[in-house]
Amino acid sequence: MSIFFLWLTAFLSMASAQEVQLQVDSEEIYAGVPFVLTVLATDFEESPEPTVSAFDIAGCSVQYLGVSPSNSTQITVINGRRSVIQDVRFAYRYRIESSTAGLRKIPKITVTQGATSVSTTASQFTVTDIPSSADIAIRLNLPDRQIRVGEVFPISVDL
């Protein structure tokens with residue numbers, strides 16, 4: 001076997017190595033406001049579906065929302081040579097909510113499929129309180145009479 005063939009085999013196996021990433025749906029995370037944490041598993045086999053290890057985040061409620069599998073295949077033929085690129089992804093979504101502000105730590109999360117296990121590194125995020133001010137208020141002005149269902153009437157909002 002040539003050195004080139006060994007190098008090419010090693011390169012292709014690295015290119016299709018399984019990977020697990022964490023993604024959030026918002027830039028700012030506030031106390032009392034839920035956000036979605038996505039555990040994105042890429043380059044696993046289509047079947048069986050990988051499993052994600054259970055995890056808890058201290059100071060937060062964690063609720064599993066479900067998984068969204070995605071599979072795409074690209075076939076190209078150039079000069080009579082056929083190449084197939086397959087992209088397999090599993091997006092596991094979790095609803096996370098912290099009741100108080102502070103630093104929260106996400107433990108290592110492991111995705112397993114058969115004998116293959118891939119883990120994220122432990123990470124953290126900061127939860128802040130929602131800014132408030134007594135200098136601003138909203139007042140809803142309604143008529144001083146009874147209102148019927150379906151009735152059209154003027155309304156104003158004062159800021």
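Determine if the range 146-159 includes at least one residue that is of a type in the set (Gly, Ala, Ser), farther than 30 Å from Glu19 by Cα and either in a strand (DSSP E or B) or open to solvent by 50 Å² or more (accessible area, probe 1.4 Å) (or both).
Yes - at least one qualifying residue is present in the range 146-159.
Filter the range 114-145 for residues that are surrounded by 10 or more Cβ atoms within 10 Å (Cβ to Cβ), touching a residue at least 12 places away in the same chain (Cβ under 8 Å) and of a type in the set (Gly, Ala, Ser); which is farthest from Glu45 (Cα to Cα)?
Ser123
Please specify each residue of the range 32-70 satisfying the condition of being over 16 Å from Ile106 (Cα atoms), in a loop (DSSP other than H, G, I, E, B) and open to solvent by less than 20 Å² (accessible area, probe 1.4 Å).
Within the range 32-70, Phe44, Pro50 meet the criteria.
Just a yes or no: is a residue in the range 70-84 under 21 Å from the mean Cα position of the chain (by Cα) and of a type in the set (D, E, K, R)? Can you show your working first?
First pass over the range 70-84, keeping only residues under 21 Å from the mean Cα position of the chain (by Cα): 70-72.
Applying the additional criterion that residues be of a type in the set (D, E, K, R) yields none.
For the range 70-84, residues under 21 Å from the mean Cα position of the chain (by Cα) and of a type in the set (D, E, K, R): absent.
So which residues in the range 86-107 are over 22 Å from Thr121 (Cα atoms) and surrounded by 11 or more Cβ atoms within 10 Å (Cβ to Cβ)?
Step one: of the range 86-107, the residues over 22 Å from Thr121 (Cα atoms) are 86-87, 99-101.
Selection gives Gln86, Asp87, Thr100, Ala101.
What strands (runs of 3 or more DSSP E), lying completely within the range 79-143, carry at least 1 residues that are closer than 24 Å to Ile57 by Cα, in contact with a Ser or Thr (Cβ under 7 Å, 6 or more places away or on another chain) and of a type outside the set (A, V, I, L, M, F, W, C)? Explain how you work it out, then say what you get.
On the way: elements: 81-98, 102-106, 110-113, 116-119, 123-127, 139-141.
Fully inside the range 79-143 and qualifying: 81-98, 102-106, 110-113, 116-119.
If the Cβ limit is 8 Å and pairs must be 6+ apart or interchain, which residue in the range 27-44 that is closer than 13 Å to Asp87 by Cα pairs with which residue that is open to solvent by less than 20 Å² (accessible area, probe 1.4 Å) and in a loop (DSSP other than H, G, I, E, B)?
Qualifying pairs under 8 Å: Ala41/Pro50; Phe44/Pro50.
Would you call Ile109 within 22 Å of Tyr64 (Cβ to Cβ) and touching a residue at least 24 places away in the same chain (Cβ under 8 Å)?
So Ile109 fits the description; yes.
The values are calculated or read from the model by the stated rules, or taken from the named source; none is laboratory data. Here the structure is a predicted model, which is why all the values come from computation and not from measurement. Methodologically, a virtual Cβ is constructed for each residue, glycine included, from the backbone with ideal geometry; neighbour enumeration extends over all protein chains shown. Calculation scope for accessible area: heavy atoms of the full protein, side chains included, ligands and nucleic acids excluded. Shrake-Rupley method; radii C 1.70, N 1.55, O 1.52, S 1.80 Å.
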